[in-house]
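The values are calculated or read from the model by the stated rules, or taken from the named source; none is laboratory data. Predicted model, so just to flag it, every value in this text is computed and none were measured. Reconstructed Cβ throughout: ideal geometry from the backbone, glycine too, with neighbour counts over all protein chains shown.
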Amino acid sequence: MSAIVSVQNLRKAYEGGFEALKSVNIDIEEGEILALLGPNGAGKTTLISTICGITVPTSGTITVGGHDTQTDFRAARNLIGLVPQEINLEPFETVMSTVSFSRGLFGKARNDAYIDGILEQLSLSDKKNSKIMTLSGGMKRRVLIAKALSHEPRVLFLDEPTAGVDVELRKDMWEVVAGLKASGVTIILTTHYIEEAEAIADRIGVINKGEILLVQDKADLMAQMGQKQLRIDLAEAAADIPDTLNAYNLTRADDGLSLTYSYDTSGERTGITTLLNDLQKAGLQMKDIQTAQSSLEDIFVGLVKETS
């Protein structure tokens with residue numbers, strides 16, 4: 001894959017010296033879904049706004065489809081669709097007129113068939129003649145996506161697309177995003193929902209305090225950084241962990257009824273067999289054992305803690 005969006009040494013500073021973005025470098029590959037994770041104030045929205053030309057960078061370069069966003073802004077912006085966090089739609093306009101108007105703002109000729117196709121893709125066909133004020137919150141978010149797609153962009157930015165949306169509608173939105181990817185649109189989304197990134201992203205980017213901590217394939221990230229935990233339930237509570245088990249770095253539950261052992265899934269040996277043998281030698285009787293895989297949330301929290 002080739003990069004359709006390339007950000008090099010991007011910095012954004014405000015009066016007073018606050019740096020919202022600190023020498024950000026990131027390439028976004030054509031046809032992928034990239035999820036950008038980060039806590040509040042991490043710089044997610046600032047990064048999107050700067051790529052889209054809403055915010056002027058202090059230094060650095062951004063290209064979209066080979067067009068520099070500073071020296072060739074119009075050509076770059078024509079390739080971008082942006083769905084903002086806030087729902088800001090004209091309540092008395094119909095869905096069809098709202099989406100068609102956005103297409104016209106980019107100088108595109110009227111094409112009702114194309115707009116109808118977008119509305120059908122977003123399950124809005126039966127609402128095309130409805131006024132915005134009559135729509136639910138989830139439907140309004142779909143209208144925002146339709147507006148962003150109206151001028152046939154190659155790159156779509158979704159800034160917190162499921163904020164304030166219930167779980168069922170959130171999953172519906174994931175299906176919409178997957179459908180957009182299938183049609184050839186490159187998608188970059190920011191989200192607070194870790195499960196959203198796990199469900200639909202090809203790659204994960206983590207940003208904190210204006211710095212990109214990593215951008216990596218989701219599966220590789222889970223394989224390289226994920227760990228498994230073995231929880232050992234004991235027949236009787238252990239007052240403490242015997243010294244003979246110190247090498248395993250076990251964690252004892254507050255009630256002493258279970259021990260947790262973390263191990264690397266990519267290692268040649270997990271150490272589980274010797275651990276179980278040593279537990280018996282230490283006089284600890286096992287009641288049950290179970291394993292759990294580290295989630296993306298665990299990895300994300302760990303990365304953010306390291307930079308805090």
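Assorted remarks:
- Residue identified as closer than 24 Å to TYR114 by Cα and charged (D, E, K, R) among LYS171, LYS147: LYS147
- The residue list THR134, THR190, THR186 contains one member that is assigned by TED's automatic domain parsing to the domain that holds CYS52, β-branched (Val, Ile, Thr) and without any contact (Cβ under 8 Å) to a residue 12 or more places away in the chain, which is THR134.
- Any hit, region 119-126, residues being exposed (fewer than 15 other Cβ atoms within 10 Å of the Cβ), part of a helix (DSSP H, G or I) and of a type in the set (A, V, I, L, M, F, W, C): no
- So ASP202, is it among the acidic types (Asp, Glu) and at pLDDT 85 or above: yes
- When every residue of region 122-132 is checked against the conditions, none turns out to be modelled with pLDDT under 95 and among the β-branched types (Val, Ile, Thr).
- Looking only at region 137-168, and only at residues there that are modelled with pLDDT of 90 or more and part of a loop (DSSP other than H, G, I, E, B), the one that is surrounded by the fewest Cβ atoms within 10 Å (Cβ to Cβ): GLU152
- Members of region 210-267 that are among the aliphatic types (A, V, I, L, M), modelled with pLDDT of 90 or more, under 30 Å from LYS281 (Cα atoms) and in a strand (DSSP E or B): ILE232, LEU234, LEU259
- Hits in region 1-20 (condition: of a type outside the set (D, E, K, R), in contact with an Asp or Glu (Cβ under 8 Å, 6 or more places away or on another chain) and farther than 15 Å from GLN216 by Cα): SER2, ILE4, VAL5, SER6, VAL7, ALA13
- Among the residues of region 188-198, those that are modelled with pLDDT under 90 and either in contact with a Leu (Cβ under 7 Å, 6 or more places away or on another chain) or surrounded by fewer than 17 Cβ atoms within 10 Å (Cβ to Cβ) (or both) comprise THR190, THR191, HIS192, ILE194, GLU195, ALA197, GLU198.
- Residue list for region 50-76, restricted to those being under 18 Å from SER150 (Cα atoms) and surrounded by fewer than 19 Cβ atoms within 10 Å (Cβ to Cβ): ARG74, ALA75
- Residue satisfying condition, being touching a Lys or Arg at 6+ places or on another chain (Cβ under 6 Å), within 16 Å of ASN208 (Cβ to Cβ) and either at pLDDT 95 or above or among the aromatic types (Phe, Trp, Tyr) (or both), within set LEU79, LEU10, LEU21, LEU36: LEU21
- Checking each residue in region 79-117 for being surrounded by 13 or more Cβ atoms within 10 Å (Cβ to Cβ), in contact (Cβ under 8 Å) with a residue 40 or more places away in the chain and more than 24 Å from the chain's Cα centre (by Cα) picks out LEU89, VAL95, THR98, VAL99, SER100, SER102, ARG103, PHE106, LYS108.
- When ASP72, ASP112 are screened for being within 29 Å of LEU10 (Cβ to Cβ) and among the charged types (D, E, K, R), only ASP72 passes.
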